[in-house]
Amino acid sequence: MATIAWVKVQGQDEFNQLSRRLKEAGRGDLQRKLVRSVRQEGQPALAAVQRKFRGVHVTTTPSRGGGGSTNLRGRIAAATKIQVTARGIRIRTVGKQVGEYGNTLAQGVNATGVWKHPVFGNRRAWVTQRGQEVFDPTLRGFESRWRAGIVRVMEEVAREIEG
């Protein structure tokens, strides 16, 4: 799996302490609520990244080939997932879900560099393509919103555990 973007939780120590307190108190229900709520805070950003992947402009040089589509951008968008970790929220593209060479293709589409490949497997016809950066510019606007939401969720769960 290719890790693409991270947003660290502000107050990571407090997040870890809260998680430990929930485990010690045997409050798996609140621990699951905390993870679920943190994941929900990241859903708008995940949706924005997936939209951006679907609309990314990939240039081809030279322009030749069959003109067909493998739905690469759609497959990358569908394979982009969110995960809550002890360090924050991670949004990544799961290469295996994209298909063969999924990690390489996802990194190429989300890049300012270039990559070469045969046209629909035809080793006599190669093209060079240039992607467009997706993660950093898309996620930059969500960081403060995520952090505020995560802090709010942590405070809510801490109040519940304290009774």
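The values are calculated or read from the model by the stated rules, or taken from the named source; none is laboratory data. Worth saying up front: this structure is predicted, and the values here are computed from it rather than measured. So basically every Cβ, Gly included, is an ideal-geometry build from the backbone, and we count neighbours across all protein chains shown. Only protein heavy atoms, including side chains, enter the accessible area calculation; ligands, DNA and RNA are left aside. Shrake-Rupley method; radii C 1.70, N 1.55, O 1.52, S 1.80 Å.
For this structure, a couple of remarks:
- Extension gain (nm, one decimal) between R159 and V114, 0.36 nm per residue minus Cα-Cα: 11.1 nm
- Using every pair of distinct Cα positions in the stretch 24-163, the Kirkwood expression returns a hydrodynamic radius of 17.2 angstrom.
- Between D136 and R27, the simple label model (points 7 Å from Cα in the Cβ direction) yields a spacing of 4.0 nm.
- Approximate spin-label separation A48-N122, in nm, with each point projected 7 Å along Cα-to-Cβ: 4.0 nm
- Counting only protein heavy atoms and a 1.4 Å probe, the stretch 70-163 has 55 square angstrom of accessible area per residue.
- Listed residue (Q83, G108, Q43) projecting farthest to the positive dipole end of the stretch 36-163, Cβ model: G108
- Distance between the modelled labels on V151 and T59, one decimal in nanometres: 4.2 nm (7 Å Cα→Cβ projection).
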